[in-house]
């Protein structure tokens with residue numbers, strides 16, 4: 001006898017039976033990722049923790065209520081990052097441990113913020129334009145107050161640089177050191193308040209991996225073993241079922257695997273636990289993205 005409720009049966013019949021999967025993108029080894037899934041979750045949690053402080057700071061500056069929401073967190077390369085910029089821009093350059101970072105805000109949002117800060121009336125359908133010297137100073141101060149708090153939450157210290165309003169001006173000041181590290185942590189926050197919603201984009205240097213480094217390299221693999229096939233499998237989860245329930249299984253029964261759908265899955269090599277991965281699809285096939293490789297690591301729960 002199945003213990004599936006009529007409501008569950010109805011829900012299964014109404015669905016196409018295909019779970020919504022995330023997208024697993026091919027990895028570009030020329031721009032290796034350094035942040036683990038756990039690090040990204042920690043950064044998001046830290047930003048969510050200080051969001052009320054950011055909202056309070058905005059209220060002080062802009063004399064009104066603002067909501068701050070964490071939108072995206074990830075990594076990118078500074079190479080070619082600003083090719084799509086169009087005048088007028090609002091880009092505040094910053095420095096973090098001697099490396100360049102940037103804070104980008106929408107021009108019309110900056111105009112609205114400066115207008116409110118000066119206790120002036122907002123224009124309907126304001127068009128993009130250059131900020132006045134007074135507006136530029138106010139916006140620069142506002143952006144740095146937010147940037148310092150955000151950078152501090154992820155363990156970085158940011159110092160202020162120039163605020164650029166034209167692409168030419170910005171590119172002339174852009175650090176083009178070929179020997180510099182191009183990797184940047186990007187943080188996108190949605191600010192909603194007077195003037196409507198806008199996106200604040202921060203690009204911070206100093207993306208570090210939390211993966212342990214090996215003190216000594218592993219011995220080289222004997223050449224005659226290079227092409228030996230090894231079975232690697234991904235274990236979605238397991239469930240313990242009483243024997244009498246197992247004997248009564250019917251088509252359509254649902255068996256939870258005691259693992260959240262968005263949690264990491266275990267990688268197994270030749271029957272031994274070898275790491276964790278997230279799962280999704282690639283070119284129409286189920287695929288996994290490796291999150292951690294650690295033969296000595298405990299299985300994920």
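Using the Cβ-Cβ distance between residue 242 and residue 268 with R0 set to 25 Å, the FRET efficiency from 1/(1 + (r/R0)^6) comes to roughly 0.45.
Taking only alpha carbon atoms, segment 37-204 gives an Rg to Rh ratio of 0.95, where Rh is the Kirkwood radius.
In segment 56-92, whose amide N lies under 16 Å from the spot 7 Å out along Cα-to-Cβ of residue 119? List them in ranges. Flagged as within label range: 60-64.
Calculated on the Cα set of segment 90-157, radius of gyration then Dmax: 13.5, 42 Å.
Using r as the Cβ-Cβ distance of residue 127 and residue 44, and R0 as 35 Å, what FRET efficiency do you calculate, to the nearest 0.05? Rounded to the nearest 0.05, the efficiency is 0.50.
For 144, 247, 118, the sequence from fewest to most other C-beta atoms within 10 Å is 247, 118, 144.
Just so you know, all these numbers are worked out from the coordinates, no wet-lab data involved. Please read all numbers here as calculations on a predicted model, not as lab measurements. Methodologically, a virtual Cβ is constructed for each residue, glycine included, from the backbone with ideal geometry; neighbour enumeration extends over all protein chains shown.
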